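The values are calculated or read from the model by the stated rules, or taken from the named source; none is laboratory data. On a predicted model such as this, the values are computed, not experimentally measured, just so you know. All Cβ positions, even for glycine, are placed from backbone atoms using ideal geometry, and neighbour counts span all protein chains on display.
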Amino acid sequence: MFEALYRIFTSLRLTVVLLALSAVLVFWGTLAQVPMGLYRAQNEFFRSFFIYWQPAGSTWKIPIFPGGYLLGGLLLINLLAAHTRYYQPGKKKIGIVFIHFGVVLLLVGQLLTDLLAVESTLHLRVGETKNYSESQRDYELAVVDVSEAESDFVVAIPDSLLRPGAEVRHPGLPFAIRVRRYCVNSALATNALPGFERVNTTAGLGRDLWLQELPHETVMDRRDVPTAIVEPVGGNGSLGTWLVSAFLARPQHFEFEGRHYEMSLRPRRYYKPFSIHLIEFKHERYPGTEIPKNFQSRVLLDHPARGERREVDIYMNNPLRYWGETYYQASYDRDDRGSVLQVVRNPGWLTPYFACVLVAVGMVIQFMTHLIPFLKRRLAV
Amino acid sequence: MKKWIPALVAAVMAAWVLAQFRPRPEPGFRLREFAQLPVLMNGRFQPFDSVARNSLLQIRTKQTVPVQHDGARHTFSAIEWLLEVMMQPEAADERPIFRVDNVELLSLLQLPEGRKYYTFAELRPSYDEINRQALRIEKIESAQRTAFERALMKLFNAVSLYQRLKVTLKPPASDDFAAEIAEYERVIPGGVAAVRARQAGKEFDETVFNRLLELMSGYDAMARFALPLVIPPAHGRAGDHDWQTLGAALMGAVHQTEWPPAIKWYARMVSGWRANKPEVFNSALAEYQQWLGEHYPRQVFKVQWEYRFNVFQPFYRALVIYILALVLALISLLTFALLPGFAETLRRSAFWLVALAVGIHTIGLIFRMALEGRPPVTNLYSSAVFIGWAAALLGLLLERFYRVGIGLIVASVVGFTTLVIAHHLSLGGDTMEMLRAVLDTNFWLATHVVTITLGYSAMFVAGLLAILFIILGVFTPLLNQPLGAVASPAGSANADPNRPSIGSVFTNMVYGIICFATLFSFTGTVLGGIWADQSWGRFWGWDPKENGALLIVIWCALILHARWAGLVRERGLMNLAIFGNVVTSFSWFGVNMLGIGLHSYGFMDAAFKWLVLFVASQLAFIALGLLPLRYWRSFQNAPQTAASADQPMATRPAEP
């Protein structure tokens, strides 16, 4: 039994089968991006153990093909196992060992990135200062106690907890929050457009608005606009139902037991111990055309705890690496008066560099040990 | 056969290439000098010649225009056509230059069928209809457009380009432009005074006022629509951003005492051309050239070299020589059994021709790199040129090692095909376009892009070798012949039986090249990841182009492991290598057609049909390769070799 398993997992045939399946997966996952959008296709094909097929109109799913995690994991096991079986010490195979160790590092590094990397954006208008970046996909229900003059107390509830019927409690809040309704993506309107229904909340802004629930966005540059109807419930009962939406620019405001609260559904924030201030944004074009030549943000980095205060240029292919995060020039406002920086925290960012070097060295060794004698022989003919 | 024949063949072709540079007198209008004047278009300095060629390619898909003149047929070169468009648009309107193939579009525009090209005069009545349709289609994403909509947008773009070129050097209603400019200069002081007086509510000279406004409305149209910036600032110190269209310069002249001098020289050239007075045209041209030489020597130098590059047409010439070499190499391969001496002469001639073509191809690449100040691959067009170059070089090297003509066929087929592809890609516009900000990094272009493209080249070479193996194996007895039989005039009978067969040589070549492709594809893919990490913060994002590159790496790994595991032998290796062509073409072109992701800037749709045909042809070759060996001419009479061909290959790469 063990012997049979050992043979299977160390066999090169398994490698070939897994590689063929990987090729199909990558091809399929690429084509699937057209209808699904890049993000969803990534999750369903590459960041998964199985690809599921869901018959139309049913709730159950059937796994029909191995996903990226499964194939990657099996390849990893196969690779390590095969090396225990075929490894021969000596100079001849050193290149092969290098290559495969590099591939292992690459796969593990990508898994680490998948699990640990956090991406967010920092949108600044010229002259604006922020000490947080915002998620591009995740939202949070922020309940802010604004009663104190000098500081606010923020409780942020991630959107993953905002499921209809859920009741969220937090020790920092004297009331619970019931989720009456949650739309992952939506549109709001001021009048009754076709497909829209009345919001019908009992308190706060937006009681007379119209709501349309929409499916997840699949187009890469567009994001979901979630909307929720929530009901804070104190010891003495409900405080009414409230509309919160990423669509609304202003938070909802209410009082409870003499304290003032603001409530809003906003992109999830990542706070930092320093602030970034946009001094200037440059958008240069080639003369006589609209082809962009350069985007550049000059920012002031202010980190009081370290007494650090300096100006930095961030432009294409020249990011700022700071505090374990990397700030990239990603986009800009149409009027060229605002800049969007991509913020990435990826503890494993160096692994592909090491992996690349290992594999390249291995391949060059392997190639040269065969090419040079071959050239010598052929040229002698 | 004579030893000097190959050298002679190569020398004749070299002379044909060099003949382009022979000095030729130019009586009448000095068009070749005019063609070298610098203008700023698409964000870069280029000669009028490039504007002419690129525009004509976009509009007419050719670099020349046939014209009827005095009852005889002539051919306008691109610059002659552009001059007429800019200086005598009423005549240019009658030239059949707009290519319309789509039947639905023809019926919408009520144009007669059965012709390829139509004149602007014929399109003019439906001009509003074209605009109206284009306004609607513009909002549809290009991937979603129907064939009719694509054809209409193409025509709309061609007509817009043409209209914009027409107002480059003169306003629509102007005959003697130099005289008009002189009048404009005279009218300005009085006219400006009249405008001020009118604003102040005082009395003003209505004739002067109206004349000034009339002239300026023409110049305003030029300022708004003209495309190339033709007027350099009066002082060489000013930056590139200060170059203007002629219209903008004339509008600005109202407030200036010192006009940019180019205005008047261009006006004289227009008047000279329209009045058919070469001496007027030539003298203005000469004065302008001298002034440019003093004030803008750097720009003049650059565009003159670009002009020489245009005249040289290295890729076109290399293409012709590749075809010739291919013909010779094929004849050589087919005749070596009957006429070994003749075949060897042909093979050596083909070798010299491929070497010459690769040389010209190389010069062309370096020329482009110098003109752009960039690594060789910056867009889809240059990737085609580079893939062809690298593959041809690889083929030439193979031929150097195994003198059987196979390397030559590979070199010439890939060289020829990729240059044809490049030609079709060049119809999209300026191939030396400026790079968008995200691509503006020579380091990554030189490392990631070049390595990944070398990987493509190697995959195509391996795939083509595999196709040759199957064709030669099924239809000829060649694969079973020992190596050296082709090269030695004595024929196969005397060849050393210990020499490897040509079939096994094929196997070694394909295997070695797959290893090479693996090295470059993998390194290139990882470098791409590192670039992505450097510029937008993620090493890998499953973007279609990244996935395409990954597919090549996976496919290479699969081929190598399948061989090591003994799952495939000779034929299996060949079939996998042919499928490598499919994978590579998907990565190179296919993913661009998906129209999504960060790399989708190179989108094109007409190529889709060709991609499908290519994939189908490759699958047909694989089917042929699956034919049982007893049907292969190379193996049917030689069971012992057939058996040896089926022996598992040891894990030794590229070893004869």
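Given the condition exposed (fewer than 15 other Cβ atoms within 10 Å of the Cβ), small (G, A, S) and either in contact (Cβ under 8 Å) with a residue 24 or more places away in the chain or not assigned by TED's automatic domain parsing to the domain that holds A:P215 (or both), answer yes or no: does some residue in segment A:32-53 qualify? The answer is no; no qualifying residue exists. Facing chain A (nearest Cβ under 8 Å) and either part of a helix (DSSP H, G or I) or aliphatic (A, V, I, L, M) (or both), is that true of B:L551? Yes. Note on segment B:1-54: residues that are farther than 30 Å from B:K166 by Cβ and outside any helix (DSSP H, G or I) total 6. For segment B:527-547, residues that are more than 7 Å from chain A (Cβ to nearest Cβ), part of a helix (DSSP H, G or I) and not aliphatic (A, V, I, L, M) total 4. Answer yes or no as to whether A:R310 is without any contact (Cβ under 8 Å) to a residue 40 or more places away in the chain and basic (K, R). Taking the combined requirement at face value, the residue satisfies it. B:S501 meets each of the listed conditions (1) surrounded by fewer than 19 Cβ atoms within 10 Å (Cβ to Cβ); (2) more than 14 Å from chain A (Cβ to nearest Cβ); (3) modelled with pLDDT under 90 apart from (1). The single condition from (1) touching a strand residue (DSSP E or B) at 6+ places or on another chain (Cβ under 9 Å); (2) buried (at least 17 other Cβ atoms within 10 Å of the Cβ); (3) within 10 Å of chain B (Cβ to nearest Cβ); (4) touching a residue at least 12 places away in the same chain (Cβ under 8 Å) that A:G348 fails is (1).
Residue-wise test of (1) closer than 22 Å to A:V184 by Cβ; (2) within 13 Å of chain B (Cβ to nearest Cβ).
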site	(1), (2)
A:V17	no, yes
A:A32	yes, yes
A:P35	yes, yes
A:A56	yes, no
A:F65	no, no
A:L76	no, no
A:T84	no, no
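Is at least one residue of segment B:201-221 surrounded by fewer than 18 Cβ atoms within 10 Å (Cβ to Cβ) and within 27 Å of B:G429 (Cα to Cα)? The answer is yes; a qualifying residue exists. All of (1) out of contact with any Leu (no Cβ under 7 Å at 6 or more places or on another chain); (2) without any contact (Cβ under 8 Å) to a residue 24 or more places away in the chain; (3) at the interface with another protein chain (Cβ under 7 Å from one of its Cβ atoms) hold for B:G572 with one exception: (3). Counting only helices (runs of 4 or more DSSP H) that sit wholly inside segment B:290-409, those with at least 3 residues that are of a type outside the set (V, I, T) and touching a Pro at 6+ places or on another chain (Cβ under 9 Å) are B:297-312, B:340-372, B:380-401.
Of all the numbered requirements in (1) crowded, with 21+ Cβ neighbours inside 10 Å; (2) touching a Leu at 6+ places or on another chain (Cβ under 6 Å), B:A226 misses one, and that requirement is (2).
Restricting attention to segment A:313-340, the residues being outside any strand (DSSP E or B), under 20 Å from A:K272 (Cβ atoms) and without any contact (Cβ under 8 Å) to a residue 40 or more places away in the chain number 2. Filtering segment B:43-91 to residues that are in contact (Cβ under 8 Å) with a residue 24 or more places away in the chain and aromatic (F, W, Y) leaves B:F45, B:F48, B:W81. For segment B:236-247, a residue qualifies if it is touching an Asp or Glu at 6+ places or on another chain (Cβ under 9 Å) and either at pLDDT below 90 or within 12 Å of chain A (Cβ to nearest Cβ) (or both), and exactly one does: B:G236. Of all the listed residues (A:D333, A:D302), the sole one being at pLDDT below 90, surrounded by fewer than 18 Cβ atoms within 10 Å (Cβ to Cβ) and away from every other protein chain (no Cβ under 14 Å) is A:D333. Within segment A:341-381, how many residues are closer than 27 Å to A:G324 by Cβ, in a helix (DSSP H, G or I), among the aromatic types (F, W, Y) and out of contact with any Leu (no Cβ under 8 Å at 6 or more places or on another chain)? Count: 1. If the condition is being in a helix (DSSP H, G or I) and either in contact with a strand residue (DSSP E or B) (Cβ under 8 Å, 6 or more places away or on another chain) or over 22 Å from A:L70 (Cα atoms) (or both), then segment A:92-102 contributes A:I94, A:G95, A:I96, A:V97, A:F98. Considering only residues in segment A:265-297 that are under 14 Å from A:S331 (Cα atoms) and free of Cβ contacts under 8 Å to residues at least 60 places away in the same chain, the one that is surrounded by the most Cβ atoms within 10 Å (Cβ to Cβ) turns out to be A:F295. Just one of the listed residues (A:L105, A:L112, A:L122) is of a type in the set (A, V, I, L, M, F, W, C), in a strand (DSSP E or B), within 14 Å of another protein chain (Cβ to nearest Cβ) and touching a residue at least 40 places away in the same chain (Cβ under 8 Å), namely A:L122.
For segment A:139-167, name all the residues that are free of Cβ contacts under 8 Å to residues at least 40 places away in the same chain and either closer than 14 Å to A:W242 by Cβ or touching a Pro at 6+ places or on another chain (Cβ under 8 Å) (or both). Of everything in segment A:139-167, just one residue is free of Cβ contacts under 8 Å to residues at least 40 places away in the same chain and either closer than 14 Å to A:W242 by Cβ or touching a Pro at 6+ places or on another chain (Cβ under 8 Å) (or both), namely A:I157.
Looking at B:L135, B:L152, B:L165 in this structure, which one is under 15 Å from B:E104 (Cβ atoms), in a helix (DSSP H, G or I) and not β-branched (V, I, T)? Working first, answer last.
On the way: B:L135 fails: under 15 Å from B:E104 (Cβ atoms); B:L165 fails: under 15 Å from B:E104 (Cβ atoms).
Exactly one of B:L135, B:L152, B:L165 is under 15 Å from B:E104 (Cβ atoms), in a helix (DSSP H, G or I) and not β-branched (V, I, T), namely B:L152.
Would it be correct to say that B:D101 is in contact with a helix residue (DSSP H, G or I) (Cβ under 8 Å, 6 or more places away or on another chain) and farther than 27 Å from B:F48 by Cβ? In short, yes. Taken together, B:D70, B:D49, B:D93 contain a single residue that is acidic (D, E) and in contact with a Lys or Arg (Cβ under 8 Å, 6 or more places away or on another chain), which is B:D93. The residues of segment B:376-401 include none that are over 23 Å from B:N581 (Cα atoms) and either under 16 Å from the mean Cα position of the chain (by Cα) or among the hydroxyl-bearing types (S, T, Y) (or both). Cβ-Cβ contacts under 7 Å between residues 6 or more apart (or on different chains), taken from a first residue in segment B:504-517 that is outside the structural domain of B:L396 (by TED's automatic domain parsing) and under 18 Å from B:Q481 (Cα atoms) to a second residue that is among the aromatic types (F, W, Y) and outside any helix (DSSP H, G or I), are listed as B:V505/B:Y402.
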